[in-house]
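Shown next, in structure tokens, is the structure this report addresses.
Any read-out appearing in this document is the output of simple, stated calculations on the displayed coordinates, not a laboratory observation. None of these values were measured; they are calculated from a predicted model. Methodologically, a virtual Cβ is constructed for each residue, glycine included, from the backbone with ideal geometry; neighbour enumeration extends over all protein chains shown.
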Amino acid sequence: MHIPHVLIVTLYFLVILGIMVLVHEFGHFAVAKFFGVRVEAFSIGMGRRLFGYVHNGTDYKVCMLPLGGYVKMAGETEMEMIQTSPTETNVASPPTVLDYLSPGSEAFPVGVQSLDSGNFNTKPRWQRMLVAFAGPVANFILAIFIFTGVAHFHHDTVEYLQDRGELDYIVPDSAASKTGIVLGDRIVRFDSVTNPTWEDFMVLSGLKANHLLPFSYVHNGQRIDTNIPVTYSGAAQDFGPDEIVTTFGLVPRVQAGPVIVDALPDANAPAAKAGLQHGDAILSVDGHSFHGTEATSAYLTAGHGKPVTLLVQRGAEQHTVQVSPALMPTQAGTQAYRLGFRAIAPPVVTTRQPLGRAVATGWHDFVKNSTLIFDVISGMFKRQVSVRNLSGPVGIAQQVGMAQQMGSWTVLQLMAGISLNLGIFNLLPMPVLDGGMILFLLIESVMRRDVNAAVKERIYQAAFVCIVLFAVFIIFNDITKLPMFVHKAS
């Protein structure tokens with residue numbers, strides 16, 4: 001029986017969202033229980049209760065709407081309606097609201113406080129802060145666990161993307177060539193990253209399109225500090241290896257050996273007409289030794305299609321071939337000079353890292369992705385990153401669909417990213433989020449008294465309205481980026 005792709009993607013999305021919510025809420029739940037807070041409900045989903053069971057006074061339930069979830073603790077008020085729903089910015093959803101009254105307020109008489117030791121608001125502020133921290137921390141632990149597991153069982157690495165910026169070619173009159181960098185120089189800084197990899201180039205360039213970024217390299221032992229423009233106007237997630245070439249004129253060295261012909265799909269292409277065959281190794285083009293089709297194509301395009309001389313090795317023999325490149329369409333929809341053959345892909349290494357090394361890799365991936373998230377947030381405040389780069393539920397579902405087509409390991413890595421984003425987003429110092437509660441508790445600790453309950457409630461209500469409006473904006477933003485609308489706009 002054939003299952004529609006959209007149904008598979010929807011199921012993946014709901015499972016991933018459910019796991020993220022379960023982990024986040026369990027963090028709150030576990031620490032609350034540890035401190036003796038009475039938890040009245042632990043819900044996956046929202047709305048009408050479908051099924052569940054009650055144990056030790058806690059209703060463990062699954063609700064009708066599979067969008068979010070919540071932990072309900074003793075001491076919550078009317079604001080318990082402000083629960084978790086997927087309105088998040090980059091890849092997650094706003095967290096649970098652990099609402100609280102100010103001890104001593106009319107709605108929470110002193111006499112009741114003293115008798116109800118299980119009430120959330122009778123606990124010391126430091127305990128309430130730990131309860132609030134616990135949800136995001138649970139998401140962080142899950143992200144590290146997944147990153148570590150992937151590294152231990154199936155660590156995929158496209159070798160050259162993880163390497164420091166070793167160059168194969170620099171396009172004449174490009175943004176890079178105008179900085180003075182030449183072949184043999186070593187790139188030591190790009191934006192805020194020291195010794196950047198090509199993956200760093202792709203991620204940061206996509207986020208900071210149309211900006212002038214710091215760029216440093218070492219030439220003959222001397223460091224040169226300059227800037228390089230990111231002349232790119234596409235979507236952040238679309239900035240790939242080809243864009244490194246077209247935007248900067250930098251061509252990465254993708255492999256140690258020469259380009260090897262894998263197939264010649266078009267008998268009328270220049271390569272086929274010149275007699276190239278499967279297995280031929282192109283040792284040089286006009287005397288230049290290239291190590292990837294990116295460099296070959298960039299050189300041909302810079303030459304505006306003039307004939308070139310190839311040094312080709314076939315078996316144990318070497319011979320030269322004269323060939324005239326032709327304009328051909330690229331994946332980006334533009335035209336470039338090509339020879340018309342398919343090369344053997346750059347090496348991708350899949351390893352099973354030892355557990356100790358996998359833990360180090362998991363931690364490295366966690367720190368690297370966390371830094372990137374903070375770069376996005378700070379970039380938005382500095383107007384270096386467009387809010388159109390943010391994604392909500394629709395955008396997340398699209399990412400899940402793409403990851404699902406690439407395999408289970410890619411889905412797991414996406415899950416780790418979602419969990420990390422969820423944790424960081426929840427710590428933002430905004431009412432309704434966990435970070436907002438922590439901020440209130442810190443203010444109250446400094447004041448040595450509680451903020452007035454009525455004032456606090458008004459602040460939460462205003463913040464909730466802002467969250468809803470922001471959610472509408474993000475969802476609208478997601479929809480306008482769907483292919484059907486992008487094509488209409490173009």
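3J(HN,Hα) along the range 191-197, derived from phi through the Karplus expression 6.51 cos²θ - 1.76 cosθ + 1.60 where θ = phi - 60°, amounts to 6, 9, 9, 8, 6, x, 8 Hz, with x in place of Gly and Pro.
FRET efficiency for the pair residue 14 and residue 60, taken as 1/(1 + (r/R0)^6) with r the Cβ-Cβ distance and R0 = 25 Å, rounds to 0.85.
For the range 210-225, 3J(HN,Hα) computed residue by residue from phi via the Karplus equation (6.51, -1.76, 1.60; θ = phi - 60°) reads 6, 10, 9, 10, x, 8, 10, 8, 10, 10, 6, x, 10, 7, 10, 9 Hz, glycine and proline entered as x. Length gained on full extension, residue 320 to residue 370, computed as 0.36 nm times the residue gap minus the Cα-Cα distance: 12.9 nm.
For the range 259-349, just say rounded, prolate or oblate: build the C-alpha gyration tensor, square-root its eigenvalues into a ≥ b ≥ c, call rounded for a/c under 1.5, and beyond that prolate if a/b exceeds b/c, oblate if not. In terms of gyration-tensor shape, rounded.
The mean sequence distance of close C-alpha pairs (under 8 Å, at least 6 residues apart), as a share of the length of the range 161-252, puts its relative contact order at 35 percent. Were the residues from residue 409 through residue 166 laid out at 0.36 nm apart, the gain over their Cα-Cα distance would be 84.7 nm. If you find the alpha carbon centre of the range 391-465 and of the range 239-267, how far apart are they in angstrom? If we compute the Cα centre of each part, the gap is 40 Å. Highest average first, the peptides 419-432, 255-268, 18-31, 202-215 ordered by how many other beta carbon atoms sit within 10 Å of their residues are 419-432, 18-31, 202-215, 255-268.
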